[in-house]
Each structure stands twice: as C-alpha cells, then as structure tokens.
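Report on one structure; see the data block that follows.
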Amino acid sequence: MKYHHRNLSQRMAFAGLFVLLLPILSPHLFSPLSRSYPSLFSEWNAPKPRHLPLLKAALDRHIPVGQKNELWSPLPYQGWKPCIEPPTIHTLPTKSQGYIQVFLDGGLNQQRMGICDAVAVAKILNATLVIPHLEVNAVWQDTSSFADIFDVEHFIDTLSHDVAIVKEPPSDYWWSTREYYATGIRAMRIKTAPVHGSADWYLENVLPVLQSYGIAAIAPFSHRLAFDKLPPNIQRLRCKVNFHALTFVPHIRVLGDALVNRLRHPFEKFHTSGTGFLKDRMNDTESEGSGKFVVLHLRFDKDMAAHSSCDFGGGKAERLALAKYRQLLWQGRVLNSQFTDEALRKQGRCPLTPEEIGLLLAALGFSNSTRLYLASHKVYGGEARISALKKLFPLVDHKMSLASAEELAKVDGKASLLAAVDYYVSLQSDIFISASPGNMHNALVGHRAYLNLKTIRPNMVMLGPLFLNKSLEWPEFQYAVLSGHKSRQGQIRLRKEGQSIYTYPIPDCSCQS
C-alpha cells in the first residue's frame, strides 16, 4: 500500500512538473492570438456570457421590416463632394531643394498617415521625396516595404504634378540608409521634429539642412505635421495622397475582390483559378439583404485588453495574466490602471467584448441572417470569447474562412499585408463598425466619410453604463441603443481644431455643392 501511494505521489509530481513546463516547452500552444503567451491557464477558463438575460432576449429578437430597410439603406447625399485638386494645375518648380527621407514606424494605418504627411512636408519644402522607408514593426516583426504594400508606380504617377518622388536616393547619396543613421550622430538626420510640427518649423529647421547637404532624413516621423494652420492646397494634397495615390498592390486588390465577391454571393459555388479551391455555401440560410455584408473590426487583442485595465470576465487568472503582461510591456505605466473597472466603463474606456458588440448589433436591428466579415478576427481568449457573437450572428467569415491557403500565401504571416486586405474589404462593405477606436477605425471612418459610406460609431460613453446595469431588460436596452446611435451612422462631422484630417476629412478635402 505504501509503495502504491509513493508511486502515485511520484506520478502526480511528474504530472505537475509537466504542466508547469508545458508553456516553456511548447509556448505556441499558449500564444495563438497574441505576441506573448499569457500566464498558465489564463485563457483556459472560458469566460461565461456576462449579459446572459440580454443575450437570451437578443436570440429571440424580432426586427420590423422598416427598421431593417432603414438600417441597410445607403447614406443619402449630404451636400459634400470630394474636392482635392487646386483650381489650376501647377507645374513643379524646375529646381528641387534636395531629397527628403522619412522612416515610419507603427502599424499599417499609422504608416499610411505618415506617408501622407511626408508628401505634404516635401511640398512645403519644395523637396524631392524618396519613397518612405517602413520600419520593422516591433510587435509583429513585419519586414514589408512600401513596395510590398502599395502600388509605387500609381503613387508616383498620381502625384506627378504635385511633388517629385523617386524610388531611391541618387547614387551620390548611396550611403544615406537607415543603417547609416543608426550608427552615430549625423548632421543630415533630423531627430527633433516635434509632434504636430508647423510648416514654419520645417522651413526653419529642415530647409537649411537640405540646402547644406542636399538630403535630410527625418526619424522618427510619426504624427509630425500639424492638422491646423496649413495652406488649403497642403490639406487637399494630404487627402489626395490618402484617398487616391495610396492604392494597394495588385495581388492584395485581387484577393480583396475575391473575398468581397464571396461575401456578396455566398450561395454560388466558386473556385479560384489555378488553385483547385472549391467552396460551397449553398447550405447557408438565406440572408436578408442578400448581397450585402457588414465588416466588424473587433480589435479585442491582448494588448488592447491589457492596456485598458478593464475586467473582461475571465476571473482571477485572467486579471493576473493581464496585469503581468501590462507590467512586462509598459512597466505598469498605464493611466487607466488607477481606476476601477466600474469607473472605466462609465467613462467609456473599456473596449467592447465580442459579446457586447454582438448585443449592440442586435439592438441596432441586424438579424441573425446578417453576414459579418471579421477584420482582425483573432481575439484574445479565442473561440470561447467569440462564441456569444457567433450565436447571435452565425454567418461569420474572415480571411481564413473565405480564401484558400494558395490565395493567402503572399500575405500570410505578414501583419501589414493582412491588415491591407482587411482595409480593402472594409472599404467595400455596406456598413463598417469598429468595436473600439484605434488607427484602423480612424482611417476607415475618414475614408468612408470621404466616399459618403455608412459607418456606425459605437457610443462608448453610453454603452458602458448600459452594460453595467444588470437589471436592464431588452426593450429598454434596445431603445437606449437606437436613441444613442441615430446620429452615429456616417452623418457628416466637420473637422474641429486639433482633430485629425485623416479621420475628419471634411471640410478640408471636400466642397459643398
């Protein structure tokens, strides 16, 4: 008997040791959705629905036909049209002041805004812009270059009457590389460009460098040009770059078009040329508004969850894992961490969970036959976290479910290219909604406003207290949601001082008619 107990104790000890070592031996098992795996078991405890009464009521919801029709109807013309060209076409000055290089960090959409600012700075200085260099993203380790993402020839051609652009510096400046500027203090490198710097700052501080050396490299270059007090032609040029010059490379557009086609025609058998990929959606339930779809940008990744300091129902293990992750990444320097979860929710600072965004969509009038495309579909907590959303909306797709491995080969594993595909599909959707603000949200809100496309902006300040109220019944919840989102579905909002021209392009880049 003693031998049996000793043997059992040894086996249990070995089992415990194996469990403790498992995250070290096989970290990939614990990190399918983020750049760093969480503490042991932190995502094994599947969170239960936090709003079960609302969820049960939403599953049995009835939506009047009139409400459905109004929800899916396009935005009416709002009296503004794109207006980016100057009254007369100006030719470029015969002599350039020199070459401007910029080094852009951040993700795809932050880099996109930096490219627009770089063109504007080159115009202000009468300089020749070298195709911007995209830094390797510290989070995703993506080495994609400008030419890997954007159509370089289209970019140069579209802006040929505005700014001189070259792919590489001339041979005289062969040494002017990112590596060169990283090895020491260089007179040609501008490290002091202020956040939201004025046109005068560039004329006073960068132009003399150009005139002395013939080239200037600005790094870092993110959010380095002001949104206000710039000439109208510079503002319009920024929009011309953003909405016309920056088009994705052909293979991203081809893949994006294929995904859009499959979302709009889900009941047809289709295959991709040369891949033998066949997908049959004939068994899907017939959907209302056939041919229409919604793009939902969930933006519920581990970084977002940790940085928010909110509680998402995963229990003590999840709270400890997120706190540890927050300490590891930001050394605890997260402003929200000083507030309670309840205070943060009342202030609208907590990102919506997949369950909460599902309840929002249901209350707005989307039926369970609505076709959803998930942009940034990888979610902290995995399938367990997204299960409530899928109960409400069974017809959910994303890149991986709609495309073959062969089609995804050129973009798989490359965060910027994957984000570009999602951006392209989002721009084609009938309705776009993001679960919480961020660079992609801001970029698409602006782009769709420029094109007068419907975009729903969740009222976070209103939704926070609603989700805290556990006694709230479905009719009250639905009424509050509908009332709080009547004017948040793409209606024109004029840019105010200090706001981004890329999120609010009107009136700077449009004309009233």
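In table form, for the structure just shown:
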{"read-out": "Aspartates and glutamates whose Cα lies under 20 Å from that of Lys378, excluding same-chain neighbours fewer than 8 positions away", "value": "Glu43, Asp142, Asp301, Asp303, Asp311, Glu318, Glu355, Glu356, Asp397, Glu407, Asp412, Asp422"}
{"read-out": "Per DSSP, loop trypsin sites (Lys or Arg not before Pro) in segment 73-161 with at most 11 further Cβ within 10 Å", "value": "Lys95"}
{"read-out": "Over the chain, relative contact order from alpha-carbon pairs under 8 Å, at least 6 apart, %", "value": "22 percent"}
{"read-out": "Answer label for Cα extents along the principal axes in Å (calculated), chosen among [x] 91, 67, 54; [y] 79, 57, 39; [z] 83, 56, 43", "value": "[x]"}
{"read-out": "Antiparallel %, DSSP beta bridges [both residues in the chain], to 5", "value": "20 percent"}
{"read-out": "Mean accessible surface per residue for the chain, computed with a 1.4 Å probe while every protein chain stays in place, in Å²", "value": "47 Å²"}
{"read-out": "Normalised contact order of segment 289-375, rounded percent, pairs of Cα under 8 Å and 6 or more residues apart", "value": "53 percent"}
{"read-out": "At most 10 other Cβ within 10 Å, DSSP loop - trypsin sites (Lys or Arg not before Pro), segment 210-272", "value": "Lys229, Lys269"}
{"read-out": "Cysteines without a disulfide-compatible partner [the chain; Cβ-Cβ under 4.7 Å]", "value": "Cys116"}
{"read-out": "Among 492-504, 345-357, 67-79, the order from most to least packed when residues are scored by Cβ within 10 Å on average", "value": "345-357, 492-504, 67-79"}
{"read-out": "Mean Cα-pair separation over length for segment 367-513, i.e. relative contact order, pairs under 8 Å, 6 or more apart, %", "value": "19 percent"}
{"read-out": "Gyration tensor verdict on segment 280-422 (Cα atoms; rounded if a/c is under 1.5, prolate if a/b is larger than b/c, oblate otherwise)", "value": "oblate"}
{"read-out": "Virtual paramagnetic centre 7 Å along Cα→Cβ of His62, amide N under 15 Å, in segment 469-504", "value": "475"}
{"read-out": "Order of exposure, largest accessible area first, which applies to Trp175, Trp201 with probe 1.4 Å", "value": "Trp175, Trp201"}
{"read-out": "Rg over Rh, two decimals, segment 386-462 (C-alpha only, Kirkwood Rh)", "value": "1.00"}
{"read-out": "Spherically averaged projected area of segment 72-156 from its Cα convex hull (nm²)", "value": "9.1 nm²"}
{"read-out": "Segment 321-363 pair-distance distribution - Cα-Cα, 10 Å bins, rounded %", "value": "24, 40, 28, 8"}
{"read-out": "Over the chain: helical MRE at 222 nm, DSSP H runs n ≥ 4 each giving -39500 (n - 2.57), nearest 500", "value": "-12500 deg cm²/dmol"}
{"read-out": "All lysines inside 25 Å of Lys229 as judged from Cα atoms, apart from same-chain residues fewer than 8 positions distant", "value": "Lys81, Lys123, Lys191, Lys240, Lys496"}
{"read-out": "Rg/Rg_ref, segment 218-269, where Rg_ref = 2.2 N^0.38 Å and atoms are Cα", "value": "1.83"}
{"read-out": "Net lengthening on full extension, Thr183/Ser212 (0.36 nm per residue, minus Cα-Cα)", "value": "8.3 nm"}
{"read-out": "Phe103 accessible area, 1.4 Å probe, all protein chains in place, Å² to nearest 10", "value": "10 Å²"}
{"read-out": "Percent accessible area from carbon and sulfur atoms, the chain, protein chains only, probe 1.4 Å", "value": "56 percent"}
{"read-out": "Built amide H within the under 5 Å cut-off of Gln97, gap 5+", "value": "Ala127, Thr128"}
{"read-out": "Qualifying GluC sites (Glu not before Pro) in segment 380-476, DSSP loop, other Cβ atoms within 10 Å at most 12", "value": "Glu473"}
{"read-out": "Cα-based convex hull volume of segment 428-513 per residue, rounded to whole Å³", "value": "118 Å³"}
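The values are calculated or read from the model by the stated rules, or taken from the named source; none is laboratory data. Predicted model, so just to flag it, every value in this text is computed and none were measured. Every residue, glycine among them, receives a Cβ derived from its backbone with ideal geometry; neighbour counts consider all protein chains shown. Note: accessible area is taken over every heavy atom of the protein model, side chains too, but ligands, DNA and RNA are not part of it. Shrake-Rupley method; radii C 1.70, N 1.55, O 1.52, S 1.80 Å.
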